[in-house]
Structures are given as C-alpha cells and as structure tokens.
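One structure is given below, encoded as structure tokens.
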Amino acid sequence: MPTDIHIAILGAGPGGYVAAIRAAQYGARVTVIEREALGGMCLNWGCIPSKALLSVVELGEKVRKAEAMGLRIHGAVTYDLPRMIQRKNDVVGTLVKGIATLFRTWGIVHLQGTGRLVNERTIHVAKPDGSETTVQADAIILATGTNWPNLPMFPIDGKHVLTSKEALDLTRVPETILIVGGGVEGCEFACLFSGLGARVTVVEMMPTVLPFEDEEVSAFLTRELKRRGVEVLTGTTVAHVGLEKGLVHAELSSGQRLDAEIALISIGRTFNTAGIGLDAVGVQLGPRGEVAVDERMQTTVPGIYAIGDLVGKAMLAHVASAQGKVAVANILGRPIAFDERVIPAGIFTLPEIGRVGLTEQQAREQGRSVVVGRFKYAGLGKGHAVDETTGLFKVIADAGTKTILGVHIVGTHATDLVHEAALAMQMGATADTIGSMIHAHPTFAEGLMEAAEDVEGFAIHQARKRI
C-alpha cells in the first residue's frame, strides 16, 4: 500500500506511537517528535510502572496465605523496595526499547526534542543539544497528552509532597502516607503502599472513592481498602498543606488535622496545550481546555488531527491508541469515525476492577428501565480452588430487550474478564447471549455467565431469592 504522504506526529505516548506504526504499515512516511521517552506517560510514569510494583505486592499477599493452602514457606515475607524499583525500571526500559525497535523496522523517523506548530504543515523542533530543525508534513497528529496540574495549595517538592511520578521511584516505604484524591490513581497507590506496610489515609472530596464508578463497586472497594488498614475520609477536602519538622501537616475542611511522612497529590490532569503553537495555526480548544476534534479526530484546522488525553474524552491509553488508528485512516483516505460507545476500562486496585458501559446509576438517570444480575466470586468453584473468593460480577440490562447496558466486575482478573462483556456489547448482545454461551469449567469467566443468567433470576449457583 505505497503512499507518498508524510505524517508528522507530536508525542510518542500510546496514541502517538501506535498512530506512527499504523501509518507506516499503510505505507506513509512518518516522523515522530517526542521531548521525553518513547511510550509517554503511560509506559514511563503511569500504567506500566505502577502495575509492575502492584504485581509484587499481589504476589506477596498470595505467598502469605500459602501455608493455609498447604504450601510451607520458611521465613517472613518481606519486600525489597529498591529491587522492586529496579525491576520496574527494567520492565519500562525493555518496553521503551521495544517501541524503538518497532520504529526502526517500520522506517519511522524519531526526533528527540520539543515540537511547536509553525503553520498548518510545519513543526519547529528544539533538540536537547540546542540545535533546531523543522519538519514539514502533509498532515499532523497532535498527541501531547496531559500532565500533573500546578496546584499552589500543594507545595510539591518531590521529597515530602509528591506526584505519582516521584512516588514510583521511592526506595523506602514511608511509615505514613496521605493520598489526596480517591480516584483511580489514588486508590491504586493506596493498595500499593498499604500492601508494603505503610499507614495510608485517603482524602476524597466526593462522597465516595472512585466516584465515577458504579456505586456498588465503589462501596465494595471502600470495604476492601478499610480491610487493608487504609483510612478513607470522603466528603472533605484538604484546605492547607504545610511542612514542619520533616512531616507533612494537612488541615481538612472538616477541621481535622492529619500528619504524614509523605503526601501524594492525586488530583486531576492538565492538558498539554501550552507552547505547542495552537494559537499560531488557529486550533480551537473546548470548554475544559482540551483540543476540540470531530468524530474523525480532526481539529478545527484541516489536516491537523489530535488524539489521546489531549482531546479530553476517555483518558485511557487504549483509547488514545484507537483514536490514533482512526486519525491515520482518515488522513490516508480511509474514512472512519471514532466509536466511543463501548470502551472497557481496568482499575488495578487489589482487587482489580473491570468495567464497560453504563453504571446502574447512569442508566437510571437516563430514564432507562433496567434489570440487574449479580454473582459473587464466592459462588465459583475456581474461586475456592485458588482461594480467590472476594469479588462480584454485575450485569446491567435493559428491562425490556435485555440488551446489555453495562458490566462491572471487581475481583481477581477483573481487568481481563471484562472484555467478553465488551465484545458482547459491541455486537449488541443481550444478557441471554452471554448466559446461554457454554463457559469452560472451572473458570472465573463462569461468574459473568451466572450474572447474565441472574438478570432473569436463573443463576444456577445462587441461592433462591426469598420475597
């Protein structure tokens, strides 16, 4: 599929680098400008490093209960945090090199430097060595993502008051840690550090942690956090943060004062739109400061596209990758629209959370009449066999058609299990479609089948409901 089209991509995160490879596969010439590391935020300071660390804590917790399962392990289970960090860095390094190798094999030009739009078809690049160059292209894809916000009330110094970037490189477990923000990132770090032995307090301004998840799932995780020894304070904010005698002092809007060795600030993201020349070419922003795009990922300037966190839709790595493929297809004359109806998501807390579609609350707020099927991990033979009985499957369906509107799973392997539900929703399936499909036994996937059957009250391994 040869083409003489040259595409320049600003940013090499999961949106930018995937777009680059797809464009090269179609035969386009591709230049990628990235000021930091290939893989962007997700690979270097987000998704991958946090999961590399959490996997060790998860393994340690399995080992701690091994004796009850008949496996004798001599000596206490302890964590070597410096070694964990080194392994995390090795994992990241391997994957970054993998992207570089893919670039070489597909003939993609990688320029290290800071890019700025000069006009609709030109990017100025300032390289780390002080030299400069320009890249002219037939089309441009912006994939600069988001960054940690600058919040004056939180004096981030990288030592006592941290962002997730610094938290991922700690080589000593703090005795106490305050996490400001009970969203996805905050809850994942709460599981990580509580597992390592720190006393963790999470402060969240909304009524619950994970406030945008299904209410049952949020309540489930709250119970699990508390079981892990995490103090969860919701419906309150941090009014002031100060440092005294090596400790962080936080005053809450409720009047409570908290002291901690370290504070992790996990509140929101800001769009990386400053300094990349949007004003110079007339690219318009949306109401939250995101880059405005149409369903084909094109900005208000023809020939300039934007993808990933920068456009402010679902801020997920796999969404950025999907948008990158859409942008490339449209540039190369293969018109398609980005379909955001079915987007699975994973939260890597302990236990994991997988979700796709509407929450029960969202469905009811839309005026839909719904029916809900549930099934607990404790009802699964596989759960008992491997001692993983904590968890819940939840299927939300339209009361009339039984079309699946949303699926929420909390428990081991939830982030993998949810994809069967996502495919079912993509195909417009009903709950009966999943419930009637034969599932292998013993597996965790049977839980989704049982929850789908429970939509109409026919889950086999569930006690009869008394009215």
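In table form, for the structure just shown:
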{"item": "Solvent-accessible area, 1.4 Å probe, carbon plus sulfur percent, for region 263-362", "result": "51 percent"}
{"item": "Karplus-derived 3J(HN,Hα), 6.51/-1.76/1.60, for each residue of region 432-445, Hz, glycine and proline x", "result": "5, 4, 6, x, 8, 6, 6, 9, 5, 10, x, 9, 6, 4"}
{"item": "Accessible carbon and sulfur surface of region 377-467 relative to its total accessible area, %, 1.4 Å", "result": "58 percent"}
{"item": "Partnerless Cys - the chain, beta-carbon criterion under 4.7 Å", "result": "Cys187, Cys191"}
{"item": "Rounded, prolate or oblate (a/c below 1.5 giving rounded, otherwise prolate when a/b exceeds b/c) for region 280-346 by Cα gyration tensor", "result": "oblate"}
{"item": "Accessible area per residue in Å² at 1.4 Å probe, computed on the chain", "result": "47 Å²"}
{"item": "DSSP beta bridge pairing in the chain, given as percent antiparallel to the nearest 5", "result": "60 percent"}
{"item": "Helical segments meeting 15 Å axial Cα length and Kyte-Doolittle 1.0 threshold in the chain (DSSP H)", "result": "184-196"}
{"item": "Cα gyration tensor shape of region 188-317, rounded if a/c is under 1.5, else prolate or oblate by comparing a/b with b/c", "result": "prolate"}
{"item": "With every protein chain in place, region 121-208: carbon and sulfur % of accessible area (1.4 Å)", "result": "51 percent"}
{"item": "Peptides 200-213, 316-329, 267-280 ordered by average Cβ neighbours within 10 Å, highest first", "result": "316-329, 200-213, 267-280"}
{"item": "Highest to lowest packing among 426-432, 347-353, scored as the average C-beta count within 10 Å", "result": "347-353, 426-432"}
{"item": "Solvent exposure, largest accessible area first (probe 1.4 Å, DNA, RNA and ligands not counted), of Thr144, Thr359", "result": "Thr144, Thr359"}
{"item": "Rel. contact order, % - alpha carbon contacts under 8 angstrom, at least six apart, region 25-106", "result": "41 percent"}
{"item": "Förster-model FRET efficiency, 60 Å R0, Asp432 and Ala126, C-beta, rounded to 0.05", "result": "0.55"}
{"item": "Solvent-accessible surface ranking, highest first, for His413, His249, His441 at 1.4 angstrom", "result": "His441, His413, His249"}
{"item": "Net charge of Cβ neighbours under 14 Å - reference Met297; Lys, Arg +1; Asp, Glu -1", "result": "-1"}
{"item": "Net charge, Arg72 excluded, C-beta distance under 14 Å - Lys, Arg +1, Asp, Glu -1", "result": "+1"}
{"item": "Considering only region 95-228, percent of DSSP beta bridges that pair antiparallel, nearest 5", "result": "65 percent"}
{"item": "Low-density loop positions, trypsin sites (Lys or Arg not before Pro), region 7-87 - DSSP coil, at most 14 other Cβ in 10 Å", "result": "Lys65, Arg72"}
{"item": "Charge tally in the Cβ shell below 11 Å around Leu358, where Lys, Arg are +1 and Asp, Glu are -1, Leu358 excluded", "result": "0"}
{"item": "Spin-label model distance (nm) - Asp80 vs His240, 7 Å beyond Cα toward Cβ", "result": "4.5 nm"}
{"item": "Identified option (computed mean projected area of the Cα convex hull in nm²; candidates [x] 26.0; [y] 22.6; [z] 28.1)", "result": "[x]"}
{"item": "Helix-derived mean residue ellipticity, 222 nm - over the chain, DSSP H n ≥ 4, -39500 (n - 2.57), to 500", "result": "-9500 deg cm²/dmol"}
{"item": "Amide H within-cut-off set for Leu285, under 5 Å, with H built and near neighbours excluded", "result": "Ala292"}
{"item": "Too-long pairs where the Cα-Cα distance tops 23 Å, listed order kept, from Lys51/Lys226; Lys97/Lys313; Lys226/Lys465", "result": "Lys97/Lys313; Lys226/Lys465"}
{"item": "Cut-off under 5 Å, modelled amide H: who pairs with Gly391 long-range", "result": "Tyr377, Ala378"}
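The values are calculated or read from the model by the stated rules, or taken from the named source; none is laboratory data. Given the structure is predicted, the values throughout are model-derived calculations rather than measurements. Positions of Cβ are backbone-derived with ideal geometry, glycine not excepted, and every protein chain shown enters the neighbour counts. Ligands, DNA and RNA are stripped out before the accessible areas are found, and what is left, the full protein with its side chains, is counted by its heavy atoms. Shrake-Rupley method; radii C 1.70, N 1.55, O 1.52, S 1.80 Å.
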